[in-house]
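What follows is a single structure, written as structure tokens, with notes after it.
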Number of protein chains: 2
Amino acid sequence: MAPIISQRDVEFMVYEFFNCEALTQRERYAEHNRETFDATIDIARRIAEDQFLPIQMKLDMNQPTFDGERVHMIPELKVALDTVVESGLGASTADFELGGMQLPNVVASAAYAYLSAAGSTALGFIGLTNANANLISEHGTPEQIEKWVVPMREGRFAGTMAMTEPSAGSGLADLTTSAVRDEDGNYRITGNKIFISGGDHELNDNIVHLVLARIKGAPAGIKGISLFIVPKYMVNEDGSLGDKNDVNLAGLWHKMGGRGHTSTTLAFGEDGGAVGYLVGEENKGLSYMFHMMNEARILVGTGAACTALTGYQYSLDYAKERPQGRLLSNKDPLSKPVNIIQHPDVRRMLLAQKAYSEGAFALCLYGSALYDDSQTAPTEAERSRASLLLDFLTPIIKTWPSEYGPKANDLAIQVMGGHGYMNEHPVEMFYRDNRLNPIHEGTTGIQSLDLLGRKVPMNQMAGYQATLTVMRDLAAEVATTFPKESADLLAAIEELDEVTMTLLKQMGEHPIDLVFANSVEYLEMFGNVVLAWIWLRQGAISQEALATESHEDEQNFYRGKLQAMKFFFEYQLIKNATSAKLLKSLNATTFEMQEAWF
Amino acid sequence: MAPIISQRDVEFMVYEFFNCEALTQRERYAEHNRETFDATIDIARRIAEDQFLPIQMKLDMNQPTFDGERVHMIPELKVALDTVVESGLGASTADFELGGMQLPNVVASAAYAYLSAAGSTALGFIGLTNANANLISEHGTPEQIEKWVVPMREGRFAGTMAMTEPSAGSGLADLTTSAVRDEDGNYRITGNKIFISGGDHELNDNIVHLVLARIKGAPAGIKGISLFIVPKYMVNEDGSLGDKNDVNLAGLWHKMGGRGHTSTTLAFGEDGGAVGYLVGEENKGLSYMFHMMNEARILVGTGAACTALTGYQYSLDYAKERPQGRLLSNKDPLSKPVNIIQHPDVRRMLLAQKAYSEGAFALCLYGSALYDDSQTAPTEAERSRASLLLDFLTPIIKTWPSEYGPKANDLAIQVMGGHGYMNEHPVEMFYRDNRLNPIHEGTTGIQSLDLLGRKVPMNQMAGYQATLTVMRDLAAEVATTFPKESADLLAAIEELDEVTMTLLKQMGEHPIDLVFANSVEYLEMFGNVVLAWIWLRQGAISQEALATESHEDEQNFYRGKLQAMKFFFEYQLIKNATSAKLLKSLNATTFEMQEAWF
């Protein structure tokens, strides 16, 4: 049977790419060491194998149903999620004193990779709960933390984020859910929210919704949005559950994939207004929500990468064992068919999957490592540089894995031919699960506007320049070992920089809607450069290890990394030339297309 | 509500791109005229709207079940298929004397486009039956035609093609189903076949399987394969049904999409051998089957194109009516949100869908038109030239729409955001339906070997040269009207030709498995050139029409075609540069990748 994901690759990431052992010298992680890291990863792997994997396809085939009163799910889901909570993994990065394991995010993400790969759908419940708890920890009052965060960390309560509305969609500026202050200083919330993942279920005692709403009289647009804690059940002073709040499940959505995770429409305030508790200050809700959303964006990227990793392993396993056809060089019909991994085109599809999925995974872990550094790096300079990089890279960490994860899963289907198309195997489900990722938490289009319109110019381009510097530094560092790839990466960075400067100049000279018409091409181009850097770093580590490593399995592992690096440069990075051409020429084809011409 | 496909585009294809009215001067079509063509297309459109569209999503959600004895389907499917048969469309291209409508293939394909777009799954039953009947008409005896083809044309019998086996897959050389001659001169067939579409159901009185099998003692490999008619029920001399033959349904497959069409495992000869009737000569079965398979490949391409067309119309309609967000140039939060079609990135996704789907559709109809010409063009020279072109282009007609159809559907999902991911709308189903097309009737990998390994060198490259000539001629013809696109197309043809010559030269100098390692890139590159030619032709017709056309709707239509042409050249054709680079340098990255390195 195929491994969920490659254990050797996870190890490579944690200890060779990120050198996580060094983190134990920081005060926050002082009680950890390689053994505790390994143990955590091992527990996650075992829960993934024992609890998540066996129900992965069953969850897909038995999506939650709503009988008008209650949501029904297969009972195995609760068992699996409870196991995660009981293992402590549910709050792996939280403070010891809040019941957490106080692990570095990068180690926790590596451990979670197994759970995500074996059950991204199931893990969604826990991921959202953590992100919700993190937001309240950051912006809530001590009382709010005590009341809502603690039970979420303990796994008793679940958390959601409730932003999207039926008539506003991604246009948060137009949301209409309203909040009215009542006598006791709280608020009454009225409105409808759609696509709320985990919006109703009975997996936990209570559900804590973080709801964006507009306080009566607030300014129009995004400057008048506030954030509220709106629980499913009221909570008494002693922590016990009170009455049901005025939040009702209006219906379930039925999705292409990710079917184990309820997607709901919630009606707030049908009976006079749901009680809501303001988080932080009025009208600053969107900035708080972005705290959660940035975390959710990294989670989306990571989920996309993990689903790609597991599809790769599954199709690789199949390709190694499935005999079919002969090499073109062999015309003898009496010879034995070869396993399909021997066909160069199958190897191409596997190598592309490896390059996409392992590259995306490394990028996402880099996001987690930057988060750790932003919190715990020894100097203020290091911390703020990590923040700067993370902030800048977030749209890329969200998007590149989300776009290339489904492409990897698509190749897994193709490797397996007709069998890949059948739901007797999980690869078509992986594709369907992964297809949500370029949509939720900000579509690819929205990420591209964020990158080009906000992140690039922000702080006199400080994040942009810092990112380019990191990449140029590596290229210089490995110029002797990898003269070709080093030169290719430098050229790609210069090309990207030229495009960027051209676009910024155009912003002053042309209609802004035209300059942004190809923003998705820009994001794609930037992503390819960042991934080339990620691969060059993997290559450099592998080349160095190869020099001293004599064990054959290890040699094979590193050679695979080097070949995937080569593939990425020669098959993927070269595509930037066409994007650069489109962008530099300010191609107006889509901008000029008229509605009436369609 | 969105139209199934654009009626104006179908009209453009039939009368402007292909000038089908001129076909009525040929003897075979002498009884037809524009009115009969229009009437046929109109009937198809109405059946599609009235019978297929209402059950499209129901078929997806209620896939056939097998209770161990019978296959169960929703009853509306039979009603819809019977309506097609009763309308005469079931045998639209067959001879009058066989109960057909004797229509040109290109007109029939245009009519079928509506049925395919509204119910590719449902239409699969009829498409396979026709292809089966066409094969027996061509290679069977008069008695076989009378016994099997006539009832298929009348819709009483259905037909299948039974090639794939569990342990051979695409490797037909290794098939093991056996045939033994019995006393009465017929054969007894024993073996298992998988992925047989329409392999068992009760939509028709009988099912005629065309089965590839190996006669005892035949040579190994593809030279020892024969073709047999194996009915589900025996047929008596008077045409009445006799006993059940020894063919049994062993199980149904459950697919990612195309769920209305049963995919079966069939067991032949579990009880002594299924009676089979040899078609044509012994050991020539594969060449006969290719007659059916070539037709099926065009059908696959057409189905992929039609599913792309309908997804495009659906998402276009949505984009025109869904308000969300504001243009970047508008900072006023009090202004009204715009419909999403106003956002340049949404226009990009719609224009890409238009370019892919209408281009693919035109290419597939070109395949049908070539088939018509191969049969009925006035001179032998024209007929054989059409055959040559069709034969050469078949892997491209099969593959380009199959690869870009799903890409178009993917963009339809993305245009609709979260709503596109929900199965309350059909676009996610279109994607799932379309995803089969790069797999069945020869995967993309297999098509690429067919193109580069067989079709290019065949007959001293006659098909290859004829194809390039057709494209060069158009480029020369429109050089004044479209100097840029004409030059771009010529340059792309020269680049393709250079790559081709390089590859052919390499075949003598390098291991054949290495030379073919990037064959899919070659097919991709060739497809883009052919599509650029298709778009340039659409552009030329539109430009000419615009000069004299003053009606606004018509002007808009033609301007849309011109813009899609522009898009294709500027966003798609330029991608060939990277493929050319890979191919010319004989990139060995995937070839050199070792199994142990994965």
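The values are calculated or read from the model by the stated rules, or taken from the named source; none is laboratory data. Note that the coordinates shown come from a computational prediction; the quantities given were computed from them, not determined experimentally. Because the Cβ atoms are built from the backbone with ideal geometry, glycine has one as well, and the counts that use them run over all protein chains shown. When the accessible area is computed, the model is the full protein with side chains, heavy atoms only, and any ligands, DNA or RNA have been set aside. Shrake-Rupley method; radii C 1.70, N 1.55, O 1.52, S 1.80 Å.
Collect the residues in region A:316-351 that are within 18 Å of A:N409 (Cβ to Cβ) and either of a type in the set (S, T, N, Q) or touching a Phe, Trp or Tyr at 6+ places or on another chain (Cβ under 7 Å) (or both), keeping them in residue-number order.
A:L316, A:L350, A:L351
Filter region B:205-230 for residues that are in contact (Cβ under 8 Å) with a residue 60 or more places away in the chain and either open to solvent by 10 Å² or more (accessible area, probe 1.4 Å) or in contact with a Lys or Arg (Cβ under 9 Å, 6 or more places away or on another chain) (or both) and give the result.
Correct list: B:V208, B:V211, B:L212, B:I215, B:A218, B:P219, B:I222, B:K223, B:I225, B:L227, B:I229.
Pairs please, first residue from region A:551-572 and more than 8 Å from chain B (Cβ to nearest Cβ), second anywhere and surrounded by fewer than 23 Cβ atoms within 10 Å (Cβ to Cβ) and aliphatic (A, V, I, L, M), Cβ atoms under 6 Å, 6+ apart in sequence or on different chains.
A:Y558/A:A545; A:Y558/A:L546
Looking only at region B:157-183, count how many residues are open to solvent by less than 40 Å² (accessible area, probe 1.4 Å) and either among the acidic types (D, E) or at pLDDT 90 or above (or both).
Result for region B:157-183: 15.
Which one is nearest to A:S542 (Cα to Cα) among residues in region A:452-486 that are hydroxyl-bearing (S, T, Y) and over 28 Å from the mean Cα position of the chain (by Cα)?
Filtering region A:452-486 for residues hydroxyl-bearing (S, T, Y) gives A:464, A:467, A:469, A:480-481, A:486.
If we keep only those that are over 28 Å from the mean Cα position of the chain (by Cα) too, we end up with A:480-481, A:486.
Working: A:T480: 15, A:T481: 11, A:S486: 15 Å.
Ranking the candidates gives A:T481 first.
Please pick out the residue among A:L489, A:L449 that is among the aliphatic types (A, V, I, L, M), over 30 Å from A:L53 (Cβ atoms), surrounded by 16 or more Cβ atoms within 10 Å (Cβ to Cβ) and more than 24 Å from the chain's Cα centre (by Cα).
Details: A:L449 fails: more than 24 Å from the chain's Cα centre (by Cα).
After ruling out the rest, the residue left standing is A:L489.
Given (1) buried (at least 20 other Cβ atoms within 10 Å of the Cβ); (2) more than 10 Å from every other protein chain (Cβ to nearest Cβ); (3) out of contact with any Gly (no Cβ under 7 Å at 6 or more places or on another chain), where does A:F290 come up short, assuming only one miss?
Status for A:F290: all satisfied but (1).
Quick one: in region B:191-219, which of the residues that are closer than 19 Å to B:P166 by Cβ and among the aliphatic types (A, V, I, L, M) is nearest to the other protein chains (Cβ to nearest Cβ)?
We begin by selecting, within region B:191-219, every residue closer than 19 Å to B:P166 by Cβ; these are B:191-200, B:209-214.
With the extra rule that they be among the aliphatic types (A, V, I, L, M), the set shrinks to B:194, B:196, B:210-213.
On the way: B:I194: 8, B:I196: 11, B:L210: 18, B:V211: 18, B:L212: 15, B:A213: 16 Å.
Checking each candidate, the answer is B:I194.
Restricting to region A:425-434, name every residue that is more than 7 Å from chain B (Cβ to nearest Cβ) and open to solvent by less than 20 Å² (accessible area, probe 1.4 Å).
A:P426, A:V427, A:M429, A:F430, A:Y431, A:R432, A:N434
Of B:Y421, B:Y356, B:Y404, which residue is without any contact (Cβ under 8 Å) to a residue 60 or more places away in the chain, away from chain A (no Cβ under 12 Å), buried (at least 24 other Cβ atoms within 10 Å of the Cβ) and farther than 20 Å from B:Y464 by Cα?
B:Y356 is the lone residue from the list that is without any contact (Cβ under 8 Å) to a residue 60 or more places away in the chain, away from chain A (no Cβ under 12 Å), buried (at least 24 other Cβ atoms within 10 Å of the Cβ) and farther than 20 Å from B:Y464 by Cα.
Do we have A:R188 as out of contact with any Leu (no Cβ under 8 Å at 6 or more places or on another chain) and either of a type outside the set (F, W, Y) or away from every other protein chain (no Cβ under 14 Å) (or both) here?
Judged against the criteria, A:R188 is a match.
Got a number for residues in region B:44-87 being among the acidic types (D, E) and either under 25 Å from B:P151 (Cβ atoms) or surrounded by 16 or more Cβ atoms within 10 Å (Cβ to Cβ) (or both)?
5
Tell me, which residue of region A:510-550 that is facing chain B (nearest Cβ under 8 Å) and not in a loop (DSSP other than H, G, I, E, B) is most open to solvent (accessible area, probe 1.4 Å)?
Restricting to residues being facing chain B (nearest Cβ under 8 Å) and not in a loop (DSSP other than H, G, I, E, B), the top hit is A:I512.
For region A:18-43, give me each residue that is open to solvent by 10 Å² or more (accessible area, probe 1.4 Å), part of a helix (DSSP H, G or I) and of a type in the set (A, V, I, L, M, F, W, C).
Listed by number, the residues that qualify are A:A22, A:L23, A:A39, A:I41, A:I43.
Of the residues A:R259, A:R297, only one is in contact (Cβ under 8 Å) with a residue 24 or more places away in the chain and within 14 Å of chain B (Cβ to nearest Cβ); which? Step through it out loud before you land on a result.
Details: A:R297 fails: within 14 Å of chain B (Cβ to nearest Cβ).
Only one candidate passes the filter, namely A:R259.
Would you check if there is a residue in region B:139-156 being touching a His at 6+ places or on another chain (Cβ under 8 Å), in a helix (DSSP H, G or I) and touching a residue at least 40 places away in the same chain (Cβ under 8 Å)?
Yes, that holds for at least one residue.
What number of residues within region A:552-598 satisfy the criterion of being open to solvent by 50 Å² or more (accessible area, probe 1.4 Å), outside the structural domain of A:A491 (by TED's automatic domain parsing) and outside any helix (DSSP H, G or I)?
Total satisfying the criteria: 1.
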